[in-house]
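Okay, structure first, notes after.
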Amino acid sequence: SDYEKIVQYLSRRDIPRLRWVFSAALKRGVRLERLLTLLQRAADGIYRAHGHDKFLLDVSFLASELGGPRLLFALGRSHGLLSKRTIRRRLNVPRVLVSIALPTKDEIDTNISSLLDPDVAPLPVPLSPSTALPGHIAMFDGVALEPKACYCGRRDCVIGLSRETASRVDTSASEMENIDLIRIALHEKRVKFGTEATVLAIASYADDTHYTPIPLVASPSDKSEKADTLAQWLGTTLECWKAHDNGERTRGPIWSLGSDGDSTYRLAKHTLCSKGRLGGALRDKLSRLHGFNLRSSADGQTTWTCDPKHIIKRFATLLRNRQGIIVSDSNITPHDILFHLTSLGSLSPEQAVQLLDPADKQNVPKAVSLMQYLHELGPRAKAAGSTAGLDPVQIRSRNALLAFSRILWYFVEPFINVHMSLSEQLESLAAFVHCANILQIRHGSAALTGALFADTGATVKNIFTVVARLQLLNP
């Protein structure tokens, strides 16, 4: 029968867009014999049924964005994915508007309007019905770029020039003369290509459903920007967020400004977040902590922080420094650390050398492993008991290393031990800050570098501030 022929044919062939073939046949009311013909033509690529759903639209879009037009065409022939034209016509995909020079209010507002539209990014909900919305962190960092110029059809201009130098030429692409002037300026080094894009993204602190960071700024840079200029457009971004309908009014304030340990980033964050003081109930709550730094942005909303992952990497880099670390009148060098890691039986010499390799600065798991092995020296030394075989210098360096590794562990453990309670995490971080201040008073930057001292202190301060804010919103 025709029914059996159809079943047998379906069992032998993979037919693209089978659902839509059946849908079209049902609408036309075709007979089984005609349906079999349609299935055969669809399997051979002669017949293509029209129609799509949101899932197929999303899959086609991902194939186009990740694999390009050739992959989309191949999958369209083999699996029935949609064409690029259909995707553009049917799917409203928000795009980040890249800044031409320094990020402007109009560019930032445009990105907030398109990327944070309620139809694109669902609105957050309060932690409790009677409280305000929880805050966000504004994170920014550099992303490597291919140094070249591009054409922005939306604004009829040239993009890809560094924001530090783009204002020196007319970036409009409406006349060929402007393009020639840009080419000459690039040749004369008056204008440079951006070698990295500074991307600023917003992420919620308390939304565990829609927590993906959303970019608000993408600006090419040649890495020559000064901190005051960076602070200027970061401040513009914060002001745009406060004033925009899709910003603070519907999604909550920006509580933190975060980045890695770049010195320019650090100074810009400090400049922005030291103009005012925390106020209201938050100030009353945090002022009970003696010595707590209450400085914040001018509006009292934003404090700055640093990525803990970068701090842990820099801890490892500090320990690998050949000049050593001064702790309690002892200079701890990598040679001392290598000796104590191997003498207590924790590691083989080869493993210890690998952990202390100064060329491997970006390996976070290796940095965490170094912190863990150093932390284990304390229990191992206590179990060993006797210091027989060690000269006085080695005993003094071991005691100093055990003390310093314990201080670093106060900071590292709360970020890697999932079994710690919130109170235990805060207590450990507070202990680190107190110890870091003691080291700073006694040894200056000979123990913790000035950059590490500033970044760790700001990070712990921000954590305490965010916890206090959330407690006020949801006691």
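No value in this document is a laboratory result; all are computed from the given coordinates. All of these numbers come straight from a predicted model, not from anything done at the bench. All Cβ positions, even for glycine, are placed from backbone atoms using ideal geometry, and neighbour counts span all protein chains on display.
A few remarks follow.
- Within the same chain, lysines fewer than 8 places from Lys54 are excluded, and of the rest, those with a Cα less than 28 Å from its Cα are Lys27, Lys84.
- Shape analysis of segment 232-312 places it in the oblate category; the axes a ≥ b ≥ c from the Cα gyration tensor give an a/c of at least 1.5, with a/b not above b/c.
- Burial ordering of Val96, Val353, fewest other beta-carbon atoms within 10 Å first: Val353, Val96
- Per-residue HN-Hα couplings for segment 442-454 [Karplus 6.51, -1.76, 1.60; θ = phi - 60°; Hz; x = Gly/Pro]: 7, 10, x, 7, 6, 9, 8, 5, x, 5, 5, 4, 5
- Taking every C-alpha pair closer than 8 Å and separated by at least 6 residues, the mean separation divided by the residue count of segment 309-473 gives a relative contact order of 24 percent.
- Peptides 361-368, 251-258, 141-148 ordered by packing proxy, namely the average of other Cβ atoms within 10 Å per residue, highest first: 251-258, 361-368, 141-148.
- The gain in end-to-end length when the Ser1 to Leu289 segment is fully stretched comes to 95.2 nm, 0.36 nm per residue minus the alpha carbon separation.
- Contact order for the chain, expressed relative to its length and based on alpha carbon pairs under 8 Å spaced 6+ residues apart, stands at 12 percent.
- Segment Lys223-His434, extension gain: residue separation times 0.36 nm, minus the distance between their alpha carbons: 72.5 nm
- FRET E, pair Glu239, Leu10, Förster distance 56 Å, beta-carbon r, rounded to 0.05: 0.40
- Cα gyration tensor category, rounded, prolate or oblate, for segment 309-473 with a/c compared to 1.5: prolate
- Of all beta bridges that DSSP places with both ends in segment 257-404, some 60 percent have antiparallel geometry.
- With Cα atoms, 0 to 90° folded angle of helix 105-115 axis to the chain main axis: 60
- The chain shape via C-alpha gyration tensor axes, a/c threshold 1.5: prolate
- Each of Met139, Met371, Met420, Met176 was scored by other Cβ atoms within 10 Å of its Cβ. Arranged with the fewest first, they read Met176, Met420, Met139, Met371.
- Across segment 307-390, the mean sequence separation of Cα contacts (distance under 8 Å, 6 or more residues apart), normalised by length, yields a relative contact order of 33 percent.
- Order of Trp233, Trp20 - criterion: other Cβ atoms within 10 Å of each residue's Cβ, fewest first: Trp20, Trp233
- Packing rank of 11-19, 103-111, where each peptide gets the mean count of other beta carbons within 10 Å, highest leading: 103-111, 11-19
- Per-residue Karplus couplings for segment 155-166, computed as 6.51 cos²θ - 1.76 cosθ + 1.60 with θ equal to phi - 60°, are listed in order as 10, 6, 8, 9, 10, x, 6, 5, 5, 5, 10, 4 Hz, Gly and Pro entered as x.
- Diffusion coefficient, µm² s⁻¹, Stokes-Einstein with Kirkwood Rh over alpha-carbon pairs of segment 239-387 at 4 °C and 1.567 mPa s: 69
- Exceedance of the 31 Å cut-off in Cα-Cα distance is limited, within the set Lys285/Lys313; Lys269/Lys366; Lys313/Lys382, to Lys285/Lys313.
- Where the alpha-carbon atoms of segment 105-272 are placed on the principal axes, they occupy 60, 35, 24 Å, in descending order.
- With respect to the chain, whose longest principal axis is taken over its alpha-carbon atoms, helix 18-28 is tilted by about 30°.
- Long-range amide H partners of Phe193 with built H, under 5 Å: Ser162
- Nearest-ten-degree value, helix 227-243 long axis tilted from longest Cα axis of the chain: 60
- DSSP-defined antiparallel bridges as percent of all bridges, the chain, nearest 5: 75
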